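Asker: This is the structure I have questions about; it appears just below.
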Amino acid sequence: MKTRIIVTTLVVGILAFLTEPNGPAGIFWRPSPMVPEAVGIQLPLFIFLGLAEALVFGLGLAFLVFGASMVNQFKVSPALARAAHLSISWVMINWWAHDSLHLHNGMELSGLLKIEYGFHITLMLSGIILARFFVAMAQGSMTTAPQGASL
């Protein structure tokens, strides 16, 4: 299981990094002409941020594909377990597209509002779901996870 998670994280993360605006290829999300170019230390800092977002995107996708069984170990309703699984994945997956869309969109306000609502509202909902999931577990409804179920 761990090997599949690592391989998925790295393959997806590398592909995501290559296609994001500050990555080497930058072929998928071309920055808007309204976005100023990074100068000096800004460029490596943006590249590092893009690399981190891409790798966490890969890990989030790996969790989406392989993590359901881990979340289902908890004694909560199947709907809450599924919602928590999707929320955990979304919290990790969203950053790559979120930041890339900001650079691609620039300061066009209608697009900016769509990005903000699409990502921020869904992250708020994910936080609420995860808080509910945590409360359910904290109230003693958790089973012991089997050996090797860690990510």
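Asker: With a sphere of radius 15 Å drawn around the Cβ of residue 13, what net charge do the other residues whose Cβ falls strictly inside it have (Lys, Arg +1; Asp, Glu -1)?
Answerer: In short, -2.
Asker: Hey, another quick one. When only Cα pairs under 8 Å and 6 or more residues apart are kept, what is the percent relative contact order across the chain?
Answerer: Relative contact order for the chain comes out at 29 percent.
Asker: Along the Cα-to-C-beta direction of residue 30, a point sits 7 Å from the Cα; which residues of the range 91-125 have their amide N less than 14 Å from that point?
Answerer: Taking a point 7 Å out along Cα→Cβ of residue 30, the residues of the range 91-125 whose backbone N falls under 14 Å are 104-106.
Asker: Could you do me a favour and compute the accessible area per residue for the range 1-138, 1.4 Å probe, result in Å²?
Answerer: About 58 Å² of surface per residue is accessible.
Asker: Let me ask something else about it. Rounded if a/c is under 1.5, else prolate if a/b is larger than b/c, else oblate: which is the range 64-139, with a ≥ b ≥ c the root eigenvalues of its Cα gyration tensor?
Answerer: Prolate.
Asker: Please give the calculated 222 nm ellipticity per residue for the chain, where each DSSP H segment of at least 4 residues contributes -39500 (n - 2.57) and the sum is spread over every residue; nearest 500 deg cm²/dmol?
Answerer: Computed ellipticity for the chain at 222 nm equals -21500 deg cm²/dmol.
The values are calculated or read from the model by the stated rules, or taken from the named source; none is laboratory data. These numbers were taken from a predicted model, which means no experiment stands behind them. Methodologically, a virtual Cβ is constructed for each residue, glycine included, from the backbone with ideal geometry; neighbour enumeration extends over all protein chains shown. Note: accessible area is taken over every heavy atom of the protein model, side chains too, but ligands, DNA and RNA are not part of it. Shrake-Rupley method; radii C 1.70, N 1.55, O 1.52, S 1.80 Å.
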